[in-house]
Amino acid sequence: MGCAVHGPYAYAQDASPDLAQPAENEPATEGGAEGAAPQENPSEAPAIPVPAAPPPPRSLEDLIPDSAVENAEGWATQGAGPAATPAESFELADDPVADLAGAPDPIAEELETLTIAVPEPLTPDPEVEALAEIDAPDLIDLPELARFDISDELELGFPADAEGFPERTEFLARFEALSTVETLSGSEASIAQLAARARADQDLLQRTLRNYGYYDGQVIRQLSGVRPGEDTASAQPRARFDILPGPRYSFGEIDLGALSNALDYVDLRNAFAIQSGDPLYADRIIEQQIVLDTALGERGYPFAEIDEPELLIDHTRREGDLTLPVEPGGKYVFGEVTSSQPEFLSGKHLSRIARFEPGDTYQRSLEFDLRRAVTATGLVSTVTVTPREVAPPSGDEPGVVALDVGVEKAKLRTISGAIGFGSEDGLKVEAGWEHRNLFPPEGALNVRGILGTRERLASLSLKRSNFRARDQVLTLDAYASDIETEAVDARTIGLRGTFERLSNLLFQKPFSWALGGELLYSDERNQGVDGAESPRQDFVIGGLFGRATIDASDDLLDPTNGYRLTGFLAPEVSQSRGATSFYFRSEADATYYQSIGSTVLASRAKFATIQGAGVDAIAPSRRLYAGGGGSVRGYGFQAIGPRNPETGEATGGRSLVEFSLEARIETGLFDGAVEVVPFVDAGSVSVDNTPDFGLIRVGAGVGVRYKTGFGPIRVDVGVPLNPNEFDSPVVVYVSLGQAF
């Protein structure tokens, strides 16, 4: 069946010889698209539609005739005009909308029932993203670079000329500490992980360059290890950064706000050690801000304020202009110290604790020191110190500022108890009660009792802290004891008074001292061996004593560097069996500490002597002995020295010498809290008043230290190297703190 086609295209069988070839030995059909006869053989392929040649272009005059100009509206209503061909025009119905309104629209009906599923978004493939960054070519010409292997996964390149980047060593250390790629070292990292962390490290490198003043620096990132199209890595994935610092910027203008209004402007400006033209290191801004704040606080400006710094970078000048708003607030001197609870801790007592006098230039460090000193009393749970203006500055005259101390009471009563066993002490139970401010201010009462197999004690102690001056302590003790050691059995009643200036955990002092006296009655004897007992003897002893210590060590409980020197002298008088004896007890002790890497070498030497009386005129409890955990390890307590030839008891002597050497080796266990300590000790005791080195005893062993916040816990195992028949083969010591 035939059909007419309107429009710019027509069907033709002979339009293309490649597409419509006649069958072999058959004539080709003649005719165009409209005159072509139907195919007689239905098995032959139908004709293929091909576009007809377009009509020749017409001029504007053909499209718009002169009649259209004369009657435009009439021409517009009749369509394109008679020039239009049947194939290029169509006739509109009188009312096409009305004709179509009633007709069904199958496409619209199908669209109404058609449901289109919303596709789920695809998950990004990090492996694909990472591949885009691998082995990317360098887009700029790089200078000669020096390579630095940070790890198997990380490599950095810097210009080989170190003068162009003098901060390279510090830069490397800083980056290595913060690098996220570095944390992958030694792990099985995928290329996606490496790529993600490399992007973060590139940002880190850019920020670090700016920190050192290189605001035009470039960081070129490149990954290697897997190439597009490969399933597995041909080598360990690796990140490389080539760093081109560029020119270093400098500080431009420096604006310190109202600092010029301060009386000490010259000194304060010199304290802020940033000048125009200095290399622009961002770290120095914060560092010098702290220095300036400290200088203001130490030169009498308690109300000084410093706002956040601002840095404006000018890339044209390659400079950064720094603005640091400073308001000094006026200079002041100290006035009075007041207390929020004067009946508990009076302002007068707090002024005694303070290390300044009224009229001294205000120093913030002295304000902090006062707060720490009040905390060190142990009487308060919280403490605040607030400067308060009493008189404002006037011209060149500073103002006056008072310090208001606010305190809250801590619990003042303590009940304590302990039970334990030691090879030297035997079984021991201890209990105590204390009121730390029974006699304000800082007057404490302590009652203590010990019940054990080798020691019984009852004591009453009164202590006044910060007595008449800072860190001075007055103590009065009354006690009764019954003590049995390896060498001595003594039953004693005594009174003892001490006035001292001592160190504590908050304030380690370079020099401390103690003065005191005691009076006691003692019924005692040397201990016998194998059941043999010496006769008991009564002694009435009175004496004075003094002690001084120079402490140049770096820590009170666990020193690692420095030294300590201690001297002790005690003149005494003793009366027994109607005879009176006068003698001097003296002692010198020196310790030295030296760190070598993480290991501390510690050494000690001690000398002691009693001059003025024979050994028999001196009570056994006042003689000199050696051996034990704080003396010569490997031997029992008081086990070194002369012995009674008949009973074998240790009799003590009038001279002593001790030496100790140990290495405190850090193990790294428990974050460095555990140390292994090999040691060797030696000591000798003589009945003469000068040491006898011919009778020296040597012990050696190894110990373990576990460091805590209140000092190391010590366990030592020692053996005697030249023992006698009374010495044990192995001795174990457990205590708190280092041996010396």
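Once the C-beta distance of Ala431 and Thr316 is scaled by a Förster radius of 60 Å, the resulting FRET efficiency is 0.15 to the nearest 0.05.
Listed cross-link partners Lys411/Lys707; Lys348/Lys428; Lys348/Lys606; Lys428/Lys509 are compared with a 32 Å cut-off, the Cα-Cα value being larger for Lys348/Lys428; Lys348/Lys606; Lys428/Lys509. Here the Karplus relation 6.51 cos²θ - 1.76 cosθ + 1.60, evaluated at θ = phi - 60°, turns the backbone of the stretch 635-646 into coupling constants of 10, x, 4, 6, 8, 9, x, x, 10, 5, x, 8 Hz, with x for every Gly and Pro.
Once you order the gyration tensor axes a ≥ b ≥ c over the Cα atoms, which shape class does the stretch 245-306 get: rounded for a/c under 1.5, otherwise prolate or oblate by comparing a/b with b/c?
Cα axes put the stretch 245-306 in the prolate bin.
Converting phi to 3J(HN,Hα) with the Karplus coefficients 6.51, -1.76 and 1.60 and the offset θ = phi - 60°, the stretch 549-559 yields 9, 9, 10, 10, 8, 8, 7, 6, 9, 9, x Hz in sequence order, with x at every glycine or proline. In order along the stretch 593-608, phi translates into HN-Hα couplings of 10, 9, 8, 10, x, 8, 9, 10, 8, 10, 9, 8, 9, 9, 10, 8 Hz, rounded to whole numbers, per the Karplus curve 6.51 cos²θ - 1.76 cosθ + 1.60 with θ = phi - 60° and x for Gly and Pro. Accessible area per residue (1.4 Å probe, heavy atoms of protein chains only) ranks Thr208, Thr647, Thr580 as Thr580, Thr647, Thr208, with the largest value leading. For the peptides 241-250, 727-736, 215-224, the ranking by packing is 241-250, 215-224, 727-736, with the highest mean count of neighbouring Cβ atoms within 10 Å listed first.
Here's how it looks for Lys409: its modeled amide H is under 5 Å from those of Ser381, which are all 5 or more places away or on a different chain.
The values are calculated or read from the model by the stated rules, or taken from the named source; none is laboratory data. Since this is a predicted model, take the numbers as computed values, not measurements. Note that each Cβ is placed from the backbone with ideal geometry, even for glycine, and that neighbours are counted across all protein chains shown. We work out accessible area using only protein heavy atoms, side chains counted, and drop any ligands, DNA or RNA first. Shrake-Rupley method; radii C 1.70, N 1.55, O 1.52, S 1.80 Å.
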